[in-house]
Amino acid sequence: MATPTPRLLLLAGDYVEDYEVMVPFQALTMLGYQVDAVCPGRSRGEHVLTAIHDFEGAQTYSEKPGHRFALTASFDEIRHQDYAGLVLPGGRAPEYLRLDARVIELVRAFADRPIAAICHAGQLLAAARIISGRKVSAYPACRPEVELADGVYADIAMDAAITDGRLVTAPAWPAHPAWLAQFIAVLGAKVTL
């Protein structure tokens, strides 16, 4: 009997950061996971718009139009019990997704399971109130929210990630190699070359 494909849930929304949704979706799929990308109010086959954030020497990131990212599952049909872990990309989407009670309920349901959150996804972790006493990285502008939710803000390099239990966080997309490597370790995956 074949082993079922492990499933991960990826929560997106309009103006999710382009690299932070596309790269983990593709990388985790390449590793053999079924990644169900969802957005509240949207169904399988619909799209969200992405934004490209870049670091060009200004006091904060710049933002440019990105791509249309295809959703692979319908938000209203998912059951958190069906998933081994949760992926929370950043960008502007977490800013408004955290206002959706079902989204917060969903994030809370993963509190004791593997979660990978990057950049502004710290806003979702803070809103769900699941980071008290935990070391959490996020985009530096999210530091106040992490601390107001009693998280311990991890001020790490933009290309670094941190793991606290089953929670893997990073400040921005330059951290993809570290963030994804730590997340798959938390999931129990082993990659050999």
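Quick note: the coordinates plus some simple rules give every number you see, no bench work behind them. Only a predicted model underlies this, so the values are computations on that prediction, with no experimental measurement involved. Because the Cβ atoms are built from the backbone with ideal geometry, glycine has one as well, and the counts that use them run over all protein chains shown.
Running a GNM on the chain with Cα contacts under 10 Å, which residue among GLN123, GLN26, GLN59 ends up with the highest mean-square fluctuation? Ranking GLN123, GLN26, GLN59 by mean-square fluctuation puts GLN59 first. If we count every other residue with Cβ under 9 angstrom of CYS39's Cβ, Lys/Arg +1 and Asp/Glu -1, where does the sum land? Value of the local net charge: -1.
When peptides 112-118, 38-44 are ranked by their average number of other Cβ atoms within 10 Å per residue, the highest-first order is 112-118, 38-44. For the chain, DSSP calls about 35 percent of its internal beta bridges antiparallel.
For region 1-124, the gyration tensor built on C-alpha atoms gives a prolate shape. Its axis ratio a/c (a ≥ b ≥ c) is at least 1.5, and a/b is the larger of a/b and b/c.
With a cut-off of 14 Å between beta carbons, the residues surrounding GLY66 carry a summed charge of -3, where Lys and Arg count +1 and Asp and Glu -1. DSSP beta bridges fully contained in region 112-193 are about 35 percent antiparallel. Secondary-structure-derived ellipticity at 222 nm for the chain, considering helices only, amounts to -7500 deg cm²/dmol, per-run term -39500 (n - 2.57) for DSSP H runs with n ≥ 4. Spatially, region 1-77 and region 149-193 are offset by 17 Å when compared through their Cα centroids. Annotation for region 44-112: chymotrypsin sites (Phe, Trp or Tyr not before Pro) lying in DSSP loop with at most 11 further Cβ atoms inside 10 Å of their Cβ do not exist.
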